[in-house]
Amino acid sequence: MANKSSASSGGALPFFIGFIAMLFVGWWVFPQALFSAMEQPIRFSHKVHAGDQGMACEDCHFLNEDGSYNGIPKNEKCAECHSDVMGEDPAEKAYVEEYVNKEKEVPWVTYQYQPDNVFFSHAAHQKQECTSCHPDMAGNDTPPTVFVNKLTGYTQLDHKMLNDTGTMKMYRCERCHALNGQSNACYVCHR
């Protein structure tokens with residue numbers, strides 16, 4: 001007959017080690033594997049434009065006559081000031097040489113890609129400050145890193161750089177609607 005050992009075959013230490021390992025995998029390894037970091041093709045300084053030049057967000061990001069959002073301006077708009085290199089910045093020189101002179105649009109990375117079933121109207125929200133939903137970019141000299149989810153294609157900003165909560169999340173929209181007496185019914189934003 002075999003002797004059964006009275007010593008425990010498990011205990012708290014293996015559980016604790018396993019628990020720490022799973023936290024590490026869940027909080028660090030999995031997000032690293034799920035997201036790929038993307039930088040903008042050209043460094044754009046909001047600080048120079050909004051701070052030093054005193055431009056308003058609406059000078060470049062505006063609503064079209066039909067109420068749709070313009071988004072990132074096309075080279076035509078930027079070339080109003082940057083048909084030639086104006087300063088010493090190598091990024092501006094690269095922009096003028098590679099994109100303006102070659103009449104090629106910059107393939108900017110979209111910060112807040114929305115799913116196809118989400119409808120959002122900037123026109124309906126134009127009375128709000130842009131920074132109530134978007135990070136305040138005016139002080140940024142370098143665009144933040146964009147993380148693209150490899151499964152969904154959705155994007156999010158490097159929120160650590162911005163000291164912000166990152167890109168818009170549904171709970172933030174719902175909270176604002178609730179505080180302002182607007183409907184939170186699914187069909188208002190999802191079609």
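Highest mean first, how do 100-107, 141-148 rank when packing is the count of other Cβ atoms within 10 Å averaged over residues?
Output ranking for 100-107, 141-148: 141-148, 100-107.
Based on other C-beta atoms within 10 Å, arrange Trp28, Trp108 from fewest to most.
Placing the least packed residue first, the sequence is Trp28, Trp108.
Given Cβ point charges of +1 (Lys, Arg) and -1 (Asp, Glu) and nothing else, what value in debye, to the nearest 20, does the dipole of segment 79-139 about its Cα centre take?
Once rounded to the nearest 20, the dipole reads 300 debye.
I need the helices of the chain that pass two filters: whole DSSP H segments spanning 15 Å or more by Cα along the axis, and mean Kyte-Doolittle score no lower than 0.5.
Once both thresholds are applied, what remains is 12-24.
Would you work out which of Tyr154, Tyr95, Val29 lies farthest towards the positive end of the dipole of the chain, given +1 charges on the beta-carbon of Lys and Arg and -1 on that of Asp and Glu, about the Cα centre?
The Cα lying farthest towards the positive end belongs to Val29.
So for segment 63-133, taking the charge dipole from beta-carbon charges (+1 Lys/Arg, -1 Asp/Glu), which of Gln126, Pro107, Ser83 sits furthest toward the positive end?
Gln126
Suppose every K and R has +1 on its Cβ and every D and E has -1 on its Cβ; what is the size of the dipole of segment 40-87 about the Cα centre, in Debye to the nearest 20?
300 debye
Calculated from DSSP H runs of 4 or more alone, at -39500 (n - 2.57) each and per residue, what is the 222 nm mean residue ellipticity of the chain, nearest 500?
For the chain, the value works out to -6500 deg cm²/dmol.
Student exercise: in the chain, how many lysine pairs 8 or more apart or on different chains have Cα atoms under 27 Å apart?
Close lysine pairs under the 27 Å cut-off: 22.
Which ³J(HN,Hα) values, rounded to whole Hz and listed in residue order, are derived for segment 58-68 from phi using the Karplus coefficients 6.51, -1.76 and 1.60 in 6.51 cos²θ - 1.76 cosθ + 1.60 with θ = phi - 60°, glycine and proline given as x?
Going residue by residue, I get 5, 5, 10, 10, 9, 8, 6, 4, 7, x, 6 Hz, with x marking Gly and Pro.
Which value, in Å to one decimal place, does the Kirkwood hydrodynamic radius take for the chain when every pair of different Cα atoms is included?
Evaluated on the chain, it is 20.5 Å.
Sort the following peptides by mean Cβ neighbour count (other Cβ atoms within 10 Å, averaged over residues), highest first: 39-47, 119-127.
39-47, 119-127
In percent, what relative contact order does the chain have, based on Cα pairs under 8 Å that are 6 or more apart in sequence?
In percent, rounded to a whole number, it is 27.
Please give the charge dipole size of segment 36-184, origin at the Cα centre, charges +1 on K and R Cβ atoms and -1 on D and E Cβ atoms. Round to the nearest 20 debye.
720 debye
Quick note: the coordinates plus some simple rules give every number you see, no bench work behind them. The structure displayed is predicted, hence computed values, not measured ones. A quick note on method: Cβ atoms are made from the backbone with ideal geometry, for glycine too, and the neighbour counts reach across all protein chains shown.
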